[in-house]
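The values are calculated or read from the model by the stated rules, or taken from the named source; none is laboratory data. Worth saying up front: this structure is predicted, and the values here are computed from it rather than measured. Note: ideal-geometry Cβ built from the backbone for every residue, glycine included; neighbour counts use all protein chains shown. These accessible areas exclude ligands, DNA and RNA; they are computed on the full protein's heavy atoms, side chains included. Shrake-Rupley method; radii C 1.70, N 1.55, O 1.52, S 1.80 Å.
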Amino acid sequence: MNDFQKELILNLRKFCHNSIEPHMEHDDAEGKFRMDIFRGLGDYGVTGVTLPEEFGGANLSYLDYSYVLEEIACASVPYAVTVSVSGMVQSILMDFGTRALQEQYLPALTSGHEIGAFALSESHSGSDAANLKTTAKKVPGGYVINGTKMWITSGGIAKTYIVMARTGGEGAKGVSAFVVRDGVPGFSFGKAEKKMGWKTSPTRELIFENCFVPDENRLLEEGQGFKVAMGGLDRGRVAIGAIGVGCAQRALHESIKYALTRQQFKQAIFDFQGLQFMLSDMATETEASRLLVQAAAHSLDSGSPNSKLCSMAKLKATDTAMRVTTDAVQVLGGVGYTAEYPVERFMRDAKVLQIVEGTNQIQRVVIARHLKKEYEHHA
Ligand code: CAA
């Protein structure tokens, strides 16, 4: 880290320690999201890290962003995810939105006054995203959207939604992307999901019933919506990887701290070689994941996102988060399984990192397709 990054992260660490950490045990139990925490993150300039200053962003790199998300995730995976999904919406508006849409919606998102959400999944199309059924029917001046979106992170608390809907025939080429605002007629929220983790981040169903969206809210041309979604996900997957690193780092920290003080058989449990091997593997896997996330972040900063690397970073870092948090519960033993220590919360929060923004099986599909293409190219 350079001096600027060190200072940014040190200040953010203080904010997380003073303003997020004290609420997490209670809010995890109650399923409570606090907008004032999100706005506080906005005041620190970390809700629009990579966006240009003219739209209220901090104009920093994806590498800086990976440090920021890692740090927030060390205190709270759900708040880091709220920041990252809102960040993905911003990057989509930046890459594919018109100047008018950017001016209208970006400042509230970059400042942390509002939250953005991404609506691709449906009950019948999770991994097979191009098979979505929500329709956007052309009418004079715009489109009428009908359908239901499922498992939408920040559903109900977000104001700006990127919604993928079908304007044409079957498959990816029939999909278009739209900006839909909370509060427009015909757009409502369904049930809030009860989940294993991410309890402070609401996950809701979105319901569209004859919801009119004007032409100017369509991103790119009709039929380009799948590319919009996939382009956004390349960036989002690196962000989820960074969150995985933060989650693993916190679990590692709690494990070492505990192992150094917990005495059994007249010595600190850290001094048993069995535990040393476990802790060393946890530390090595975490560091390897961090380096892969940073390599993927560099590719985003270079202006030519490397989808293969983005998928690798997401896959490695979130599998690591699952493994390291599970091992952390084992290191802490009986108390690790109780809410007295935070490791069980981080273990529950890690699980869905392997599922969102493309399951880790889908990441392997993406990686394999790139490998095949590379080798066909060489042949
Ligand atoms: N960037 C730009 N375009 C891309 C792309 C990318 N990374 N990946 C694919 N495309 C384009 C392709 O080039 C193709 O266009 P052309 O035909 O013009 O070349 C088009 O998109 C279709 O691509 P595929 O043929 O590869 O499509 P597919 O149906 O085989 O699906 C898939 C590919 C990788 C499996 C994709 O469906 C996928 O990623 N599935 C997982 C869905 C997902 O990640 N959902 C996340 C939900 S959001 C979420 O979780 C956020 C949250 O709340 C936390």
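Do we find that Arg218 is modelled with pLDDT of 95 or more and either of a type in the set (S, T, N, Q) or farther than 30 Å from Gly142 by Cα (or both) in this structure? Criteria not met by Arg218.
The number of residues in the stretch 6-59 that are modelled with pLDDT of 95 or more, aromatic (Phe, Trp, Tyr), in a loop (DSSP other than H, G, I, E, B) and closer than 22 Å to Ser91 by Cβ comes to 0.
Residues of the stretch 106-138 that are open to solvent by less than 40 Å² (accessible area, probe 1.4 Å), more than 20 Å from Ala172 (Cβ to Cβ) and out of contact with any Lys or Arg (no Cβ under 8 Å at 6 or more places or on another chain): Leu106, Leu109, Thr110, Ser111, Ala117.
Out of curiosity, is Gln249 in the same structural domain as Ala313 (by TED's automatic domain parsing), surrounded by fewer than 19 Cβ atoms within 10 Å (Cβ to Cβ) and modelled with pLDDT of 95 or more?
no
Going by the conditions given, is Ala317 closer than 22 Å to Ala368 by Cβ and touching a Phe, Trp or Tyr at 6+ places or on another chain (Cβ under 9 Å)? Talk me through it step by step, then tell me what you get.
Numbers: closer than 22 Å to Ala368 by Cβ: yes; touching a Phe, Trp or Tyr at 6+ places or on another chain (Cβ under 9 Å): no.
Judged against the criteria, Ala317 is not a match.
Ile256 meets the conditions (1) closer than 20 Å to Ile355 by Cα; (2) assigned to a helix (DSSP H, G or I); (3) among the β-branched types (Val, Ile, Thr) in every case but one. The failed one is (1).
Got at least one residue in the stretch 214-223 being under 21 Å from Ile355 (Cα atoms) and within 12 Å of the ligand (Cβ to nearest atom)?
Looking for residues that are under 21 Å from Ile355 (Cα atoms) and within 12 Å of the ligand (Cβ to nearest atom), one finds none in the stretch 214-223, hence no.
Residues are listed down the side, and each one gets a yes or a no for (1) away from the ligand (no atom under 13 Å from the Cβ); (2) part of a helix (DSSP H, G or I); (3) open to solvent by less than 50 Å² (accessible area, probe 1.4 Å); (4) at pLDDT below 95:
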residue: Asp319; (1), (2), (3), (4): yes, yes, yes, no
residue: Thr326; (1), (2), (3), (4): yes, yes, no, no
residue: Arg364; (1), (2), (3), (4): no, yes, no, no
residue: Ile367; (1), (2), (3), (4): no, yes, yes, no
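Selection of the stretch 215-230 for residues being in a helix (DSSP H, G or I) and either open to solvent by less than 20 Å² (accessible area, probe 1.4 Å) or in contact with a strand residue (DSSP E or B) (Cβ under 9 Å, 6 or more places away or on another chain) (or both) yields Asp215, Glu216, Asn217, Gly225, Phe226, Lys227, Val228, Ala229.
Looking across the stretch 183-206 at every residue that is without any contact (Cβ under 8 Å) to a residue 60 or more places away in the chain and open to solvent by less than 50 Å² (accessible area, probe 1.4 Å), the one that is nearest to the chain's Cα centre (by Cα) is identified as Thr203. What about Glu344, is it away from the ligand (no atom under 16 Å from the Cβ) and free of Cβ contacts under 8 Å to residues at least 40 places away in the same chain? Spelling it out, Glu344 is indeed away from the ligand (no atom under 16 Å from the Cβ) and free of Cβ contacts under 8 Å to residues at least 40 places away in the same chain. Of the residues that make up the stretch 271-283, is at least one part of a helix (DSSP H, G or I), in contact (Cβ under 8 Å) with a residue 24 or more places away in the chain, farther than 27 Å from Asp128 by Cβ and touching a strand residue (DSSP E or B) at 6+ places or on another chain (Cβ under 7 Å)? Within the stretch 271-283 (the criterion being part of a helix (DSSP H, G or I), in contact (Cβ under 8 Å) with a residue 24 or more places away in the chain, farther than 27 Å from Asp128 by Cβ and touching a strand residue (DSSP E or B) at 6+ places or on another chain (Cβ under 7 Å)), the answer is no, since none of the residues qualifies. Annotation: Ser304 fulfils all but one of (1) part of a helix (DSSP H, G or I); (2) open to solvent by 60 Å² or more (accessible area, probe 1.4 Å); the unmet one is (1). Pairs linking a residue in the stretch 37-58 that is closer than 23 Å to Arg99 by Cα to a residue that is surrounded by 20 or more Cβ atoms within 10 Å (Cβ to Cβ) and among the basic types (Lys, Arg), with Cβ atoms under 9 Å and 6 or more positions apart or on different chains, are Thr50/Arg235. The criterion of being under 24 Å from the mean Cα position of the chain (by Cα) and in the same structural domain as Arg39 (by TED's automatic domain parsing) holds for Leu106. State yes or no: is Val77 of a type outside the set (Gly, Ala, Ser), within 19 Å of Thr318 (Cβ to Cβ) and touching a Cys at 6+ places or on another chain (Cβ under 7 Å)? Taking the combined requirement at face value, the residue satisfies it.
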